[in-house]
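Q: Pasting a structure below so you can have a look.
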Amino acid sequence: MSALLYRVGGFCARRPGPVLVLWLLLVVGVVIAGVQAGSKASDSISLPGTGSQNATDLLEERFPGQAQGSSPVVIRSVGQGDLTSPANRKAIDRSVEAARNSPFVLEVESPFEVLVAEEKGAKPKGGGAISLDRKAAFYSVTLKEQVTEYTNEEMADLANRINRPLSEAGLQSAVGGSIGAAAAQPATDTSEAIGIAVAIVILLLAFGSAVSMLLPIVTALLGLAISINLINLLSHVISVPSVGPTLGIMIGLGVGIDYSLFVLSRHREQAEAGMDLKESIARSVATSGAAVTFAGSTVIIALLSLAVARIPIITAMGYTAAIAVVAAMLAAITLLPAILGLLGHRYDSLKLPFLRRKSADPDHDQTGWARWARGVARLKWTAALASLAVLLILAFPTLKLEFGQIDTAEGPKDDQATKAYKLLSSGFGPGSNGPILVAVGLDGKPDDKAALTRLEKDLKAESNVASVSPPEISRDGTAATLTVTPKSAPQVQQTQDLVDRLRSDTIPKALKGSGLTAYVGGVTAGYIDLADEIAEKLPLVIAVVIALSFILLLLAFRSIAIPAQAALMNLLGVAASYGLLVAVFQWGWGASLIGLSGDVPIVSFVPLFMFAILFGLSMDYEVFLVSHIDEERESGAGTTDAVVRGLSRSARVITAAALIMVAVFGSFILADDPTTKQFGLGLAFAIAIDATLIRCVLVPAIMVIFGKANWWLPSWLDRILPRVGIEGRAFLEKLDSEQDRRPA
C-alpha cells in the first residue's frame, strides 16, 4: 500500500494542476446533480417479518391508499373565534382545496364534511375531526405514493400551500405525519460554523500558520460537499433517514479535518527538517496517508458491518456515513498533496509569531507529554486501576439503557412535525399523535362483520385507549382497518405496553375462531418494532465489528494482546458514552443545559450507530499511538521506553485531532433536533474520553504492565499472517537504500 500511495502522492505533488481541475470538476458536477435532484430522505421504516411491516404489506396488497398512511393538517384558533365561523370555515376550505389540487395527493376530507356526516348519523369516509370546544380541528391528507417517492422540497412546497390560507386568516396550523417530517430540513449551519471556528483555533495553535490552518479546513469542506450531495442522490435509490445527511456532515467534517491534519503534520516535520518538498509530500502520503487509509478503512468496515443487522434504516445510515469517510480519505491523500504541491514553500505562509512552535521536531524526551508518559509508566498500576474505575462508573448507567423512538415533541420548534404534534396534543390529547393502525385480512365469510364488531368493542375496552374508529372495509371486501388512538403519547412506555397487549392478548381473543388475521401497524408500532429488532441484533453487530477490528489490528501489529486490549478499551469508551446518554436524556440530568425541557427517549438506532462509528474512530487513535510505540520498539527501545517515547511523540497530534473531533461533534448539541443532540453529545464525549483517559492513560499503563507480552504471537500464526505495515517503514527503508545507491 505504501508504494502505491507514494506514487499517488508524488504524482499529485508534481502535477497539481490536473489533479485540482479534476477535483473541481468533480465537486461542481456532484453538487449540481445533488442540488437539482434534491433529497428524498425520510424516516419511513421497513422491517421485514415484523407485525408493523405485515400490516403495511397487507394494506399495500388489499387496501391501496391506506398503506402509506395519512398526514394530519392541524388547525388551532387562538383569539380568532370558533373554527366553524364563516371566515374561519372559508380559510379551512381554501386549505383543503389547496391540498386536493396537489398532484401528489390522493385523498382529502374537510373536517366540516366529517362534522356534517356525524350530525346526520352517517359514517365519515376519511379522517378528520373538530374538538368539542370548536377551537381545534384536523383533516387528513393521503398521498398517492409513499412519501419516499417525493423530494423534501416537494413536500415542503405542499405544506406551505396547505398552511398559507390558514396563516392569512390568523389561524395556527401545521402539517404532521410523513409530509411534515419530509418537509423539515434539519438546520446544521450554526453547528457547522461553530465546529469549524473551534477547529480553526486548534489548528492555529498547532501550526502557527494561517495557510497551514486553512488546508485541512478546505480539503474537509470540499470532501464534505461531495459526500453530502452523493447522499442526496443516494436517497433516490434507497431509503435514507432524515438524520442521515446530518450524520454525514458531522462525521465528514470531523474525520476530514483529522485525516488532513495527520498528513500535513508529517509533511511539515519532514520539510522543516530539510527534505525536498515534492519528496516530502510523497512520503507523507506513503506514511501518514497509509495510516489514514488504514484507520479510515476500519471506520468504513465498522459502518458497513451494520448491514448484518438486516434493518434497512440502519444499513442506510451506515452507507451514508461511509460515503463521508471515503470522501474525507480521498481528499486527504489526493487533494491535499496537490494543494501542497501547488503552494510549495508557501504552505507555511502568514505565520503568527506568538503562536509559532519553536521546532517542528522537538526533543520529545523533554516535552510535557514525555513527563506525563514517564509518570504513567512509573505509576502504571495506579494509573490503570484509577482510569478503569472512572470508566466503569461512567458506564454504570448503561445497565439502565432503554430504547425509545423519535420524540417529535422536543423537535425543532419551527418544524412542521413539531408544531403539528403540539397543536394536536393540545386539541385532542397526546395519544392523537401516535394512532395505532389495526389491519385485518377478511375471508369473505358471513361472520366477518360480527368478528370486526367484537374486535372494535374489545379495543375500546382497553384502559389506555381514548377512541377507536369504526372498521373501514376495502372496496373488494378483503381487508379492513381500525384506528386506535391511545390516551398516552407515542414515545412513553404505556403506549408500548398497549401495543404489546393488543398483539398478544386483545386481538387474538377477539378474533379467536373467526379465521381472520390482524396485524398492528402504523408509525408508533413501527418504531416499537425497530427498537425490538435493534435490541435483538445489537449483540451480533458488536461481535462482528469487534471481530473485524481484531483481525485488522492483528495484521497491523502482529500481536494478540494489542487487538484484545484495543477491543476492550473501545468497549469501555462506548459504554461510558452510553452511560452519559442515559443520565442526560433518559434520566434528564442536566437536560436543560442542552436545550431540552426534560427527559426524552434515547432513539433506538442511536446506540447501535454510535457503536459502529466510535469503534471505528477509536481505531484512529489506537493505530496512531501503537504504531509510534512499535516504531520505537523496533528501533531497539525496551517496552517501557518505547511506550514513553511513543506516547510523547503521538500525544500532541492525538489530542489536537481529538479536540477538533470533539468540537465538531459537540457543536451539534446546539441543534434543535433531540436525535441530533444525542449523536452530538454521545460522539463528542466518547472521543474526549478515548483520546484522554483511554489512549493517554489506560492503554500506555496496560502496555507497560504487559511488557514483552504485548508483542506475543504464536509461531504458527506468525508464519501464515501476511505482513502489513501501517506507516510503510519497510518501504521507506527500501526507498532510502535505493536512493543511497543512486549516483550523485
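Q: Given R₀ = 25 Å, FRET efficiency for residue 21-residue 211 by Cβ-Cβ distance, to 0.05?
A: About 0.75, to the nearest 0.05.
Q: Roughly speaking, what % of Cα-Cα pairs in region 620-686 are separated by over 20 Å, rounded to a whole number?
A: Cα-Cα pairs in region 620-686 separated by more than 20 Å: 45 percent.
Q: A further question on this structure: Can you give the FRET efficiency for residue 272 and residue 87, using 1/(1 + (r/R0)^6), R0 = 60 Å, r = Cβ-Cβ distance, to the nearest 0.05?
A: 0.20
Q: Hey, what did the chain get for relative contact order, percent, Cα under 8 Å, at least 6 apart?
A: Once divided by the residue count of the chain, the mean separation gives 19 percent.
Q: Another question, then. Could the peptides 250-263, 694-707, 156-169 be put in order, highest first, of the mean number of other beta-carbon atoms found within 10 Å of their residues?
A: Peptide ranking by packing, descending: 250-263, 694-707, 156-169.
Q: Further, regarding this structure: Can you give the FRET efficiency for residue 157 and residue 540, using 1/(1 + (r/R0)^6), R0 = 51 Å, r = Cβ-Cβ distance, to the nearest 0.05?
A: E(calc), rounded to 0.05, equals 0.75.
Q: Quote the convex hull volume per residue of region 630-669, based on C-alpha atoms, as a whole number of Å³.
A: Cα convex hull per residue, to the nearest whole number: 60 Å³.
Q: Right, another one. Counting helices only, and only those DSSP H runs with n ≥ 4, report the 222 nm mean residue ellipticity of the chain as the sum of -39,500 (n - 2.57) divided by its residues, in deg cm²/dmol to the nearest 500.
A: Dividing the helical sum by the residues of the chain leaves -20000 deg cm²/dmol.
Q: Same structure again: Could you check the spin-label model distance between residue 61 and residue 7? Points 7 Å from the Cα along Cα→Cβ, value in nm.
A: Going from the residue 61 label point to the residue 7 one covers 5.6 nm.
Q: Whole Å is fine, so just give me how far the alpha carbon centre of region 501-550 lies from that of region 390-458.
A: Each part's Cα centre sits 14 Å from the other's.
Q: Please give the net charge around residue 521, taking every other residue with its beta carbon less than 12 angstrom from that of residue 521, where Lys and Arg add +1 and Asp and Glu add -1.
A: It works out to a net charge of -2.
Q: On to the next question. Over region 1-91, what per residue volume does the convex hull of the Cα atoms give, in whole Å³?
A: That works out to 312 Å³ per residue.
Q: Express the C-alpha Rg of region 147-281 as a ratio against the empirical globular expectation 2.2 N^0.38 Å, rounded to two decimals.
A: That ratio works out to 1.51.
Q: Given charges of +1 on the Cβ of Lys and Arg and -1 on the Cβ of Asp and Glu, with all other atoms neutral, how large is the dipole of the chain about its Cα centre, in debye to the nearest 20?
A: 1300 debye
Q: Taking K and R as +1 and D and E as -1, what net charge do the other residues with C-beta under 14 Å from the C-beta of residue 507 add up to?
A: With Lys, Arg at +1 and Asp, Glu at -1, the net is +2.
Q: While we're looking at this one, here's another question. Mind running the shape call on region 407-510? Use the C-alpha gyration tensor, a ≥ b ≥ c as the square roots of the eigenvalues: rounded below 1.5 for a/c, prolate if a/b tops b/c, oblate otherwise.
A: The shape class here is prolate.
Q: Tell me the volume per residue, in Å³, of the convex hull enclosing the alpha carbons of region 514-560.
A: 103 Å³
Q: Considering only DSSP beta bridges with both partners in the chain, what is the antiparallel share in %, to the nearest 5?
A: 95 percent
Q: In the structure displayed, which of 144/413; 460/512; 144/457 lie more than 20 Å apart, Cα to Cα?
A: Table pairs above 20 Å Cα-Cα are 144/413; 144/457.
Q: Please state the equivalent ellipsoid semi-axes for region 255-324: what are the square roots of 5 times the Cα gyration tensor eigenvalues, largest first, in whole Å?
A: Calculated on Cα positions only, the semi-axes equal 35, 9, 7 Å.
Q: Between region 149-188 and region 589-649, what's the alpha-carbon centroid distance in Å?
A: Taking the Cα centre of region 589-649 as reference, the centre of region 149-188 is 41 Å away.
Q: Shifting gears a bit: Between residue 350 and residue 32, with labels modelled 7 Å along Cα→Cβ, what's the label distance in nm to one decimal, could you check?
A: Rounded to a tenth, the inter-label distance reads 2.9 nm.
Q: May I pose another question? Between 0 and 90 degrees, rounded to the nearest ten: what's the tilt of helix 277-304 against the longest Cα principal axis of the chain?
A: 40 degrees
Q: Related question: Apply the Debye scattering formula to region 208-359, with a single equal point scatterer on each alpha-carbon and no solvent, then give log10 I(q)/I(0) at q = 0.12, 0.14, 0.15 Å⁻¹.
A: Scattering profile of region 208-359, log10 relative to I(0): -0.54, -0.69, -0.76.
Q: Rounded if a/c is under 1.5, else prolate if a/b is larger than b/c, else oblate: which is region 503-599, with a ≥ b ≥ c the root eigenvalues of its Cα gyration tensor?
A: oblate
Q: Evaluate the charge dipole of region 386-452 about its Cα centre and quote only its size in Debye, nearest 20, assuming +1 on the Cβ of each Lys and Arg and -1 on the Cβ of each Asp and Glu.
A: With Lys and Arg at +1 and Asp and Glu at -1, about 140 debye.
Q: Can I ask one more? For region 144-221, what is the charge dipole size about the Cα centre, in debye to the nearest 20, if Lys and Arg each add +1 at the Cβ and Asp and Glu each add -1 at the Cβ?
A: 160 debye
Quick note: the coordinates plus some simple rules give every number you see, no bench work behind them. No experiment lies behind these values; they were computed from the predicted model shown. Cβ atoms come from the backbone with ideal geometry, glycine included; neighbour counts cover every protein chain shown.
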